[in-house]
1. Residues in segment A:29-71 that are over 28 Å from B:VAL4 (Cβ atoms) and open to solvent by less than 60 Å² (accessible area, probe 1.4 Å): how many?
2. So which residues in segment B:57-97 are away from every other protein chain (no Cβ under 12 Å), part of a strand (DSSP E or B) and not aliphatic (A, V, I, L, M)?
3. Please go through segment B:26-49 and pick out each residue that is in a strand (DSSP E or B) and open to solvent by 30 Å² or more (accessible area, probe 1.4 Å).
4. Within the group B:ASN17, B:ASN12, which residue is touching a residue at least 40 places away in the same chain (Cβ under 8 Å), part of a strand (DSSP E or B), surrounded by fewer than 18 Cβ atoms within 10 Å (Cβ to Cβ) and more than 10 Å from the chain's Cα centre (by Cα)?
5. Exactly one condition in (1) at the interface with chain B (Cβ under 10 Å from one of its Cβ atoms); (2) open to solvent by less than 50 Å² (accessible area, probe 1.4 Å) is not met by A:SER84; state its number.
6. Mind checking whether some residue in segment A:65-75 is modelled with pLDDT of 90 or more and within 14 Å of chain B (Cβ to nearest Cβ)?
7. Taking only pairs six or more apart or across chains, which ones have beta-carbon atoms under 6 Å, a first residue in segment B:65-80 that is farther than 13 Å from B:PHE34 by Cα, and a second residue that is aliphatic (A, V, I, L, M) and open to solvent by 20 Å² or more (accessible area, probe 1.4 Å)?
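The values are calculated or read from the model by the stated rules, or taken from the named source; none is laboratory data. Remember, predicted model here, so these are calculated numbers, not experimental data. All Cβ positions, even for glycine, are placed from backbone atoms using ideal geometry, and neighbour counts span all protein chains on display. We work out accessible area using only protein heavy atoms, side chains counted, and drop any ligands, DNA or RNA first. Shrake-Rupley method; radii C 1.70, N 1.55, O 1.52, S 1.80 Å.
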Amino acid sequence: SAVISQKPSRDICQRGTSLTIQCQVDSQVTMMFWYRQQPGQSLTLIATANQGSEATYESGFVIDKFPISRPNLTFSTLTVSNMSPEDSSIYLCSVVTGVEQFFGPGTRLTVL
Amino acid sequence: AQSVAQPEDQVNVAEGNPLTVKCTYSVSGNPYLFWYVQYPNRGLQFLLKYITGDNLVKGSYGFEAEFNKSQTSFHLKKPSALVSDSALYFCAVRGADFNKFYFGSGTKLNVKP
């Protein structure tokens with residue numbers, strides 16, 4: 001299993017600003033994933049973050065808007081840049097160990 | 001292509017009654033199937049998984065799920081629902097590349113006293 005923590009747990013931001021979300025895992029993992037979830041809705045994969053290489057983004061998500069860092073095997077950050085109210089969502093960090101996927105508690109972002 | 005369908009947005013059941021939350025899937029190769037639960041303002045919690053073996057798998061909090069290959073289904077069940085089971089439930093399948101999980105749209109379970 002894996003225990004994942006995220007910071008901040010929630011934030012309220014002004015449009016046009018940027019927010020960096022941190023994800024820390026209690027064990028070394030090869031791949032980390034970032035998801036977005038509208039409240040009460042399903043999860044949408046933003047990107048896959050590998051240590052030592054650029055993140056792989058899903059269709060509809062670009063690096064300029066969601067830059068990701070992965071400096072080591074236990075840590076990753078996701079930045080939501082130039083935010084607009086449409087970015088208001090829950091952002092979830094996730095890892096896969098073995099055959100299972102584990103999730104962080106999420107970061108609830110509100111953009112005014 | 002991999003996909004998961006949860007045909008019911010919401011399931012209502014009375015406490016003490018059995019519950020079923022439906023899930024069907026489409027995947028290349030052998031499916032790795034999962035159920036997750038999300039309580040309000042919480043992250044997703046793993047409930048159970050099917051990898052291989054017995055078609056009936058048992059998980060946390062008294063939940064179980066039945067894998068049916070011919071119907072490509074993996075329905076979540078519980079013999080006797082609790083009010084505390086009220087939450088959002090997601091079915092997921094692990095893709096053929098083993099690195100991506102595909103999630104259903106979620107089913108909100110309401111258990112009424």
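1. 2
2. B:LYS58, B:GLU64, B:GLU66, B:PHE67, B:ASN68, B:SER73, B:PHE74, B:HIS75, B:LYS77, B:LYS78
3. Here is the first cut: in segment B:26-49, the residues in a strand (DSSP E or B) are B:26, B:32-38, B:44-49.
Within segment B:26-49, B:SER26, B:TYR32, B:GLN45, B:PHE46, B:LYS49 qualify.
4. Values: B:ASN17 fails: part of a strand (DSSP E or B).
Selected residue: B:ASN12, the only one of B:ASN17, B:ASN12 that is touching a residue at least 40 places away in the same chain (Cβ under 8 Å), part of a strand (DSSP E or B), surrounded by fewer than 18 Cβ atoms within 10 Å (Cβ to Cβ) and more than 10 Å from the chain's Cα centre (by Cα).
5. That leaves (1) as the condition not met.
6. Taking segment A:65-75 first, the residues modelled with pLDDT of 90 or more are A:65-75.
When the remaining residues are screened for being within 14 Å of chain B (Cβ to nearest Cβ), the result is none.
Checking segment A:65-75: not a single residue is modelled with pLDDT of 90 or more and within 14 Å of chain B (Cβ to nearest Cβ).
7. Note: no pairs meet the criteria.
Rundown of residues vs (1) charged (D, E, K, R); (2) modelled with pLDDT of 95 or more, yes/no style:
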{"position": "A:ALA2", "(1), (2)": "no, no"}
{"position": "A:ARG15", "(1), (2)": "yes, yes"}
{"position": "A:SER18", "(1), (2)": "no, yes"}
{"position": "A:GLN22", "(1), (2)": "no, yes"}
{"position": "A:SER27", "(1), (2)": "no, no"}
{"position": "A:MET32", "(1), (2)": "no, no"}
{"position": "A:ARG36", "(1), (2)": "yes, yes"}
{"position": "A:PRO39", "(1), (2)": "no, no"}
{"position": "A:LEU43", "(1), (2)": "no, no"}
